[in-house]
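Participant: What follows is a single structure, and I will ask about it in a moment.
The values are calculated or read from the model by the stated rules, or taken from the named source; none is laboratory data. Bear in mind that the values here come from a model prediction, so they are computed numbers and not experimental data. Positions of Cβ are backbone-derived with ideal geometry, glycine not excepted, and every protein chain shown enters the neighbour counts.
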Amino acid sequence: MGDWMTVTDPGLSSESKNISQYTSETKMSPSSLYLQKVLCSSIPLSKNVHSFFSAFCTEENIEQSISYLDQELTTFGFPSLYEESKGKETKRELNIVAVLNCMNELLIRQRKNLLAQENVETQNLKLGSDMDHLQSCYAKLKEQLETSRREMIGLQERDRQLQCKNRNLHQLLKNEKDEVQKLQNIIASRATQYNHDMKRKEREYNKLKERLHQLVMNKKDKRIAMEVLNYVGRADGKRGSWRTDKSEARNEDEMYKILLNDYEYRQKQILMENAELKKVLQQMKKEMISLLSPQKQKPIEKADDSTGTGISDVEEDPGELSRESIWDLSCETVREQLTNSIRKQWRILKSHVEKLDNQVSKVHLEGFNDEDVISRQDHEEETEKLELEIQQCKEMIKTQQQLLQQQLATTCDDDTTSLLQDCYLLEEKERLKEEWSLFKEQKKNFEKERRSFTEAAIRLGLERKAFEEERASWLKQQFLNMTTFDHQNSENVRLFSAFSGSSDRDNLTVHSRPRQKPYRVSNGSPICTSKLTKSLPASPSTSDFCQTRSCVSEHSSISVLNMTPEETRPNQVGGECANQKWSVASRPASQDGCCSECSWTSTNSHVEKDGLP
Amino acid sequence: MNFSEVFKLTSQLCKFSPDGKYLASCAQYRLVVREVRSLQVLQLFTCLDQVQHLEWSADSLFILCAMYKRGLVQVWSLEQPEWHCRIDEGSAGLVASCWSPDGRHILNTTEFHLRITVWSLCTKSVSYIKYPKACQQGISFSRDGRYLALAERRDCKDYVSIFVCSDWQLLRHFDTDTQDLAGIEWAPNGCVLAVWDTCLEYKVLLYSLDGRQLAAYCAYEWSLGVKSVAWSPSSQFLAVGSYDGKVRILNHVTWKMLTEFAHPAAISDPRVVVYKEAEKSPRGALGRPACPSFRAAESKYEIAAVPVSLQTLKPAADRANPKIGVGLLAFSPDSYFLATRNDNVPNAVWVWDMQKLRLFVVLEQLGPVRSFQWDPQRPRLAICSGGSKVYLWSPAGCVSVQVPGEGDFQVLSLCWHVTGASLALLSKDHFCLCFLETEDEADGAIGQLGAHT
């Protein structure tokens, strides 16, 4: 296929492009596409081919163009356009069949090609749109990439700046630290220097002071004096005492006494505090024990076991030493005992409290309702009341439902009945439909039967005809054999009447008015019959037949009459047959049928008589 | 609350006698002694020069008037008005003079702190103590009057000498581990001596009476240190106010810090009550045109909603003695409260609850707090801020009281009567007494004080 496409004539390809355009533009269902394509390809081709190919092939270069085409086609693997040459000299004949085949092939290929092209083009379109989409996507992504890159660059820049700042800050911090260090060093150095200077200055100052002191004090300044009216007594009333070692010692003693007093005071305070604390501890312990022991006998024992028996043993036998005496002992063992036991108890209490807390929290989680405490009895009463109410409500609902149903039954009866009737009608309709179809089928069957009957009747008619012909011939012969009566109708009539049964009266009436009308006459006039017999071999004309038929129709039933047009029209050729059948059908309807048959025969004969002249 | 008439005064020299019966005040060179109850002039003494220092002896029998310029001390007896005593320090000069606790000796510090002369009123004996240190608080008598602790400086080292006041015998002499000792203070029980270093270094040392160092405490280094120190009356706490704006409370058992009270400018603790002084009505209200006085607008306290920021002062960093840090500290007599002033929040007084060890109340005044003093008998704090009002705080509430009188009476200082029944308010050259209701009336009166003018 690819090869094919590559080698195609540019002109042709353009042409095919045209066509493809046509086809591609006409959007139709695939089934109709084929037809359309054919049309399209055929119509414009027929137009363009001429104009286009005229350049290629003219009257003069038919041969060359053919050969050229042949060559071209053979190169493409087509069979040669020429017939198999018998000889080299002989001019090769153009093989029309081959040409046609080639053309056909070419056309098929063209079509295929067009199809393929179309496919390719649609694909191309699709791909083009895909491409567009992808390109737009690409552009968008590129934009995104660009923006994110810019963002990234911005962030990097910020990061860099922050890092820079951080570095700067670090540097600053370091600088500050250095500064602080430096300042501290400076302070320290300054402090030392200051101290040094101070010391120096102070020494100088002291020297000066000393000098001043000497100067001022040694001069025995007269002004430095106290003028007092009279010395007053000491506040305590005692006389001043001389400074002696004794007094010094006394002062020391006093000082120590004071200190001792202070310490004693403080010790007393501390002791009091201790005692109070011990009391508190003791009380706490007692309370703890009393609180914990009834509930938590086992844990205590366990704890005792675990923490060591020594202490608990001491604890357990309080009878030997009274509690107070224990507390008065401020020795370490007792203290340890106390603190240990307290700690232990405390631990137990703590765990207990924690457990309680947990329980409480659990309870809280389970239901907040416990907060608003309602007594159980109240609760139950309330629930009972509520249940009762519910029951009442249910009953009410039930009664109302019943009432509603009743109301519906009474008020909406008509509607329902109509509805029901509708239902029934529908049902009936269905039923009727069914019946209808059944009837139809039956009708069909009947018709079939009728057809078969008619066929049978036709056959019977034919047979009868044959038989009658036979009889006629036989009668003729007999007639001929018998005495030759010229126009002795009476006998003939008698024969007829004897043959046709009871038609005496008719015959009589007809006889009274002969030749009034052809069909009147046909009503069983003996004259006709006689004539009929004479002109039997002649073929009856259609008009006559119609006449006869119409006349017969008077006697026949309506139903039969209705059918006649249907029967007669298609069987125009076989008029006799129709008549036969007709007569057969009417036969059971009345006795006149026989008579009519008779009349038919008579008319026939009559017609022949009419036609003959 | 009643106010006395206004009396003349110089140099804010006005003192109640320790027994609470008399009131001594100096106007120029005159010493006036009045009976507190009647304010009748009891005695009038004329000194040789303008008095610069006035001090009652502990037994309320003698009054010391020091005239530093002249190097003179005059002592007057209340019992014997004709009795007189004059001490002349001569060329040695005089910078400080004080009574010994027994009321029979006068300690005069000469110029340049060359020595302290101990003059006795009983005998002719004169004692000299050499090398006293020139410092913020170099002399401290124990409360029972038994001992004198004296800071000394010898050979560039600090020493403390403890003398027995009865015979001025040196009991202990020990060097202290300080760079430049700034102050000493006996605990009220007289057994522990607190010693603190100069403001350049944070150091508090505690010495026993027998000279043993009990503890040393240093909160931080390389910054200005201790600014003020106060013992609680129970000797249980030592409050140390420092230049970092905090008060650190040391306990008396381990001498370690119990807690520290910071003085933030913003108070956010909802438990703290902040009383804010507010002007009651604008000056020159039209409703009172007849009022002739030029009194400043009355003020009242309002309770501020808790997130409060106090006015702060930016200290001048390039000057000596910057206005930062806790400069004033005072325990209430029952040791339950501690009042402080942070010098860079000059308008506020902070009252701390020492039982709960937390801030209790903050009083923000309209002006800078000049001084405050606890009622010696009950937890009641009197505050003055240089205006014409005196402020009282008690746990029940606080009031601002306008000092009546003509002209502006600017209360620069105040001192309580020993019973807490009256309060001397001192302005630049006047003083008046403020009589408070007796105890049974006090509670009701405090509630009415707002309405009272």
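Participant: Looking only at segment B:83-107, count every residue that is touching a residue at least 40 places away in the same chain (Cβ under 8 Å), at the interface with another protein chain (Cβ under 10 Å from one of its Cβ atoms) and among the hydrophobic types (A, V, I, L, M, F, W, C) and tell me the total.
Facilitator: The total comes to 1.
Participant: Determine if segment B:113-125 includes at least one residue that is more than 10 Å from chain A (Cβ to nearest Cβ), at pLDDT below 90, part of a loop (DSSP other than H, G, I, E, B) and surrounded by fewer than 18 Cβ atoms within 10 Å (Cβ to Cβ).
Facilitator: no
Participant: Would a scan of segment B:10-25 turn up a residue that is at negative phi and within 14 Å of chain A (Cβ to nearest Cβ)? Explain how you work it out, then say what you get.
Facilitator: We begin by selecting, within segment B:10-25, every residue at negative phi; these are B:10, B:13-19, B:21-25.
Within this subset, residues satisfying the condition of being within 14 Å of chain A (Cβ to nearest Cβ) are B:18-19.
For segment B:10-25, residues at negative phi and within 14 Å of chain A (Cβ to nearest Cβ): present.
Participant: So, in segment B:199-210, exactly how many residues are among the polar types (S, T, N, Q) and touching a residue at least 60 places away in the same chain (Cβ under 8 Å)?
Facilitator: Applying the first criterion (among the polar types (S, T, N, Q)) to segment B:199-210 yields B:208.
With touching a residue at least 60 places away in the same chain (Cβ under 8 Å) added as a condition, the list becomes none.
So the answer is 0.
Participant: Can you tell me how many residues within segment B:379-417 are hydrophobic (A, V, I, L, M, F, W, C), surrounded by fewer than 20 Cβ atoms within 10 Å (Cβ to Cβ) and at pLDDT below 90?
Facilitator: Adding up the residues that qualify gives 1.
Participant: Within segment B:418-429, how many residues are buried (at least 22 other Cβ atoms within 10 Å of the Cβ) and not polar (S, T, N, Q)?
Facilitator: The total comes to 4.
Participant: Let me ask something else about it. Under 8 Å between Cβ atoms, at least 6 apart or on separate chains: pull out the pairs that start in segment B:249-270 with a residue that is part of a loop (DSSP other than H, G, I, E, B) and end on any residue that is exposed (fewer than 14 other Cβ atoms within 10 Å of the Cβ).
Facilitator: Taking only residues 6 or more apart or on different chains, the pairs are B:A265/B:S309; B:S268/B:V306; B:S268/B:P307; B:D269/B:V306; B:D269/B:R358; B:P270/B:V306.
Participant: Report yes if B:R34 is touching a residue at least 12 places away in the same chain (Cβ under 8 Å), assigned to a strand (DSSP E or B) and facing chain A (nearest Cβ under 10 Å), otherwise no.
Facilitator: Details: touching a residue at least 12 places away in the same chain (Cβ under 8 Å): yes; assigned to a strand (DSSP E or B): yes; facing chain A (nearest Cβ under 10 Å): no.
Taking the combined requirement at face value, the residue does not satisfy it.
Participant: In the list B:Q80, B:Q74, which residue meets the criterion of being within 11 Å of chain A (Cβ to nearest Cβ), part of a strand (DSSP E or B) and under 23 Å from A:V232 (Cβ atoms)?
Facilitator: Numbers: B:Q80 fails: part of a strand (DSSP E or B).
B:Q74 is the lone residue from the list that is within 11 Å of chain A (Cβ to nearest Cβ), part of a strand (DSSP E or B) and under 23 Å from A:V232 (Cβ atoms).
Participant: Taking A:E118, is it more than 30 Å from B:T198 (Cα to Cα), touching a helix residue (DSSP H, G or I) at 6+ places or on another chain (Cβ under 7 Å) and among the acidic types (D, E)?
Facilitator: Details: more than 30 Å from B:T198 (Cα to Cα): yes; touching a helix residue (DSSP H, G or I) at 6+ places or on another chain (Cβ under 7 Å): yes; among the acidic types (D, E): yes.
Answer is yes for this residue.
Participant: A further question on this structure: In the set A:I390, A:I348, which member is at pLDDT 80 or above and touching a Pro at 6+ places or on another chain (Cβ under 7 Å)? Reasoning before the result, please.
Facilitator: Numbers: A:I390 fails: touching a Pro at 6+ places or on another chain (Cβ under 7 Å).
Answer to the check: A:I348.
Participant: Further question on the same structure: Condition first: modelled with pLDDT of 90 or more and within 12 Å of chain A (Cβ to nearest Cβ). Now tell me which residues in segment B:62-71 satisfy that.
Facilitator: Answer for segment B:62-71, where residues must be modelled with pLDDT of 90 or more and within 12 Å of chain A (Cβ to nearest Cβ): just B:F62.
Participant: For segment A:243-256, name all the residues that are loosely packed, with under 12 Cβ neighbours inside 10 Å and either of a type in the set (K, R) or more than 10 Å from chain B (Cβ to nearest Cβ) (or both).
Facilitator: As a first pass, look at segment A:243-256 and keep what is loosely packed, with under 12 Cβ neighbours inside 10 Å: A:244-246, A:249, A:253.
Scanning segment A:243-256 gives A:D245, A:K246, A:A249, A:D253.
Participant: Something else now. Looking only at segment B:132-160, how many residues end up being in contact with a Lys or Arg (Cβ under 7 Å, 6 or more places away or on another chain) and surrounded by fewer than 19 Cβ atoms within 10 Å (Cβ to Cβ)?
Facilitator: Adding up the residues that qualify gives 1.
Participant: When you look at B:I129, is it over 23 Å from the mean Cα position of the chain (by Cα) and more than 11 Å from chain A (Cβ to nearest Cβ), yes or no?
Facilitator: Here the answer is yes, as B:I129 does meet what is asked.
Participant: For the list (1) under 25 Å from the mean Cα position of the chain (by Cα); (2) more than 10 Å from every other protein chain (Cβ to nearest Cβ); (3) closer than 22 Å to A:R211 by Cα, I need the number of the one condition that B:T110 fails.
Facilitator: Looking at each condition in turn, B:T110 falls short on (2).
Participant: Looking only at segment B:212-262, which residues are within 20 Å of the chain's Cα centre (by Cα) and of a type in the set (V, I, T)?
Facilitator: The answer is B:V226, B:V229, B:V240, B:V247, B:I249.
Participant: A further question follows. For segment B:173-233, please list each of the strands (runs of 3 or more DSSP E) lying entirely inside it that holds at least 1 residues being within 13 Å of chain A (Cβ to nearest Cβ).
Facilitator: Values: elements: B:181-186, B:192-197, B:204-208, B:213-217, B:226-231.
Once the strands (runs of 3 or more DSSP E) in segment B:173-233 are filtered for at least 1 residues that are within 13 Å of chain A (Cβ to nearest Cβ), what remains is B:181-186, B:192-197, B:204-208, B:213-217.
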